[in-house]
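Please treat every number below as a calculation from the coordinates, not as lab data. For clarity, every value in this text was computed on a predicted model and none was experimentally measured. Heads up, the Cβs are rebuilt from the backbone with ideal geometry, glycines too, and the neighbour counts pull from every protein chain shown.
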Amino acid sequence: MEQSGKIEDKLIDLAIESWRISRLFQKSIDLSDVKAAQRQINQIRYFNKKLEETLASLEMRLVSIEGEAYDSGMAATALNAADFGPDDDLFVDVMMEPIIMGPEGVRRTGTVMLRI
């Protein structure tokens, strides 16, 4: 793989880990202190905006399919697909890793947990 491809793959890895830490940070915000919570919410919004802008400058974007009806043809691996029957109507419950899209299509598939 050429050097630019390696750099792009590392950037995708970093974007996915940034997305994960962002979600974890959002869940950890203590809403009982309204002023501090608002400041933290604003900080994470700014961080997410910068992440999206950086990816967009490279013609890439993060895609979350949480809440959408699941189709086995989606660009995501379902970790718990074996827990369900073939006739179950499934939905994406949680994105464990986002889908990364580039100008030519999927750059990295996502990982999801499903629910009925």
Using the Cα gyration tensor of region 1-94, with a ≥ b ≥ c the square roots of its eigenvalues, what is the shape: rounded (a/c below 1.5), prolate (a/b larger than b/c) or oblate (neither)? oblate
Relative contact order computed over region 3-115 (Cα-Cα under 8 Å; 6+ residues apart), in percent: 24
In deg cm²/dmol and to the nearest 500, what is the mean residue ellipticity at 222 nm of the chain if only DSSP H runs of at least 4 residues count, each as -39500 (n - 2.57), divided by the residue total? -15500 deg cm²/dmol
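Looking at the chain only, what percent of DSSP beta bridges run antiparallel? Nearest 5 please.
So the antiparallel bridges amount to about 80 percent of the total.
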Two-site label geometry, ILE29 and THR111: point separation in nm, points 7 Å out along Cα→Cβ: 2.6
Suppose each label sits 7 Å from its Cα in the direction of the beta carbon; what would the GLU8-SER72 distance come out to in nanometres? 3.0
Longest to shortest principal axis, alpha-carbon extents of region 55-94, angstrom: 42, 15, 15
